[in-house]
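Notes to accompany the following structure.
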Amino acid sequence: MQENTTRSIIHLDMDTFFVSVERLLDSSLNGKPVIVGGGHRGVVAACSYETRIHGVHSAMPMKSALSLCPEAIVISGDMNNYSYYSKLVTEIIKSESPLFEKASVDEFYLDVSGMDRYFGCYEWGKKLRKKIINESGLPISMGLSQNKMVSKVATGEAKPNNTRQILPGTEIQFLDPMPVHKIPMIGKKTSELLRSMGVKKVETLRQIPKKLMEYTFGKNGIMMWQRAQGIDHTPITPYSEQKSISTESTFHDDSMDVKQMKAILVAMIEKLAHKLRDQNRLTSNISIKIRYSNFDTESKQKKISYTASDKTLIRYGKELFDQLYTRRMMLRLIGVRLSGLVHGNYQINLFDDTEEYIQLYQALDKIRHKHGLESIMRGNTVGLDKRLRRDENWFGV
């Protein structure tokens, strides 16, 4: 069963992005096993192909990674550099593509439907890829098919630093021999469960009755079944720098209590950071707004490296507040806005966080997702107005 569509979707993915940037800046790292991450108590944010053959992978505790590949060169990472090159590549794509989605700091989808014939789309994509390599100095792989999912898998098969085209009508032939974990959305646990059911290859998954998949896995089962058929109707989400997430609070009584105001600020940033992670997004800009009792309003913003970390955002938020609140006057309102959002895995910004912090964030997010934002909070924010944690003023443009 094939998807009835004439779309042409290109998927572009920077190869071992963080490692590639480090090698661009220091050629002595070329060909050597490299791990980018947060120190001995942190996690692997990225790793080179030379370390992967030893079993190292992203999100692995650094201690485990070094036990597998003790000769690896460990680099703490610099998100400012990664942000710079991510934006450089984005601008190149933006200058050439009429419609594209920035799925993360190093991953893009382009809708090139209607551009010449299908073969013409592939040639156009290869030219764009060559331009990115020439202007950024970074390796990038490309996949082309009728939908996002198959193109993403094709890119994975093209790596490192190559291209792969899946012609219309050949999606099943391409996917069938692959292990089920190659299908995006099938993670480690689901893959293990499928293997326990005797489902190791995509071909076997494709042949399972759709109703049985729905009964076993719910709505996700239907999606897995569709993807095993090579079907994916997911649209391209147009890239926009203007997308933001924000919240603000007007005090019941005007106040000069800095300690209380910072507690409110922390509570607001905490809930915004949780929402970012819940939506699998990162921010590159934080803005703080204050309004005095005489209605004078001031704001200050700061461009930052992509992040969704409470700790990082709270630090910047407090710094901006201290720079803003310089008059000995009552305040009536405080607001926080996070902008420059991109889709992206939270792991990429954890260079400063330990494995314990990562596990803590994951546990807190799980509790809040299940029981609500008020189910768990920082001690200095207990007793604040419950409106601060209501789900309001979320993603907008």
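Here are the numbers for the structure shown:
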item	result
Distance violations [Cα-Cα > 32 Å] among Lys262/Lys303; Lys87/Lys318; Lys159/Lys211; Lys131/Lys243; Lys126/Lys302	Lys159/Lys211; Lys126/Lys302
Over segment 162-254, relative contact order from alpha-carbon pairs under 8 Å, at least 6 apart, %	26 percent
Accessible-area value, Met224, 1.4 Å probe, nucleic acids and ligands omitted, Å²	10 Å²
Within the accessible area of segment 226-282 (1.4 Å probe), percent carbon and sulfur	44 percent
Amide hydrogen neighbours beyond the local backbone of Ala103, cut-off 5 Å, H modeled	Phe108, Tyr109
Net lengthening on full extension, Glu135/Leu68 (0.36 nm per residue, minus Cα-Cα)	20.6 nm
Which of His181, His11, His252 is most accessible, then next, and so on - probe 1.4 Å	His252, His181, His11
Solvent-accessible surface ranking, highest first, for Val74, Val34 at 1.4 angstrom	Val74, Val34
Per-residue ³J(HN,Hα) for segment 299-313, Karplus 6.51 cos²θ - 1.76 cosθ + 1.60, θ = phi - 60°, Hz, x for Gly and Pro	9, 8, 10, 9, 6, 10, 5, 3, 7, 9, 8, 3, 4, 5, 5
At R0 = 56 Å, FRET efficiency that the Cβ-Cβ distance of Arg52 and Arg328 yields, to 0.05	0.45
Average accessible surface area per residue within segment 192-316, 1.4 Å rolling probe, Å²	48 Å²
Cβ-Cβ FRET estimate between Met197 and Ser113, R0 fixed at 41 Å, reported to 0.05	0.65
With all protein chains modelled, accessible area of Arg315 [1.4 Å, Å²]	110 Å²
Extension gain, Glu248 back to Ser76 (0.36 nm per residue minus Cα-Cα distance, nm)	58.4 nm
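The values are calculated or read from the model by the stated rules, or taken from the named source; none is laboratory data. Everything numeric here is computed off the predicted structure, so don't read it as measured data. Every residue, glycine as well, gets a Cβ built from its backbone with ideal geometry; the counts of neighbours run over all protein chains shown. Surface accessibility is based on the protein's heavy atoms, side chains included, excluding ligands, DNA and RNA. Shrake-Rupley method; radii C 1.70, N 1.55, O 1.52, S 1.80 Å.
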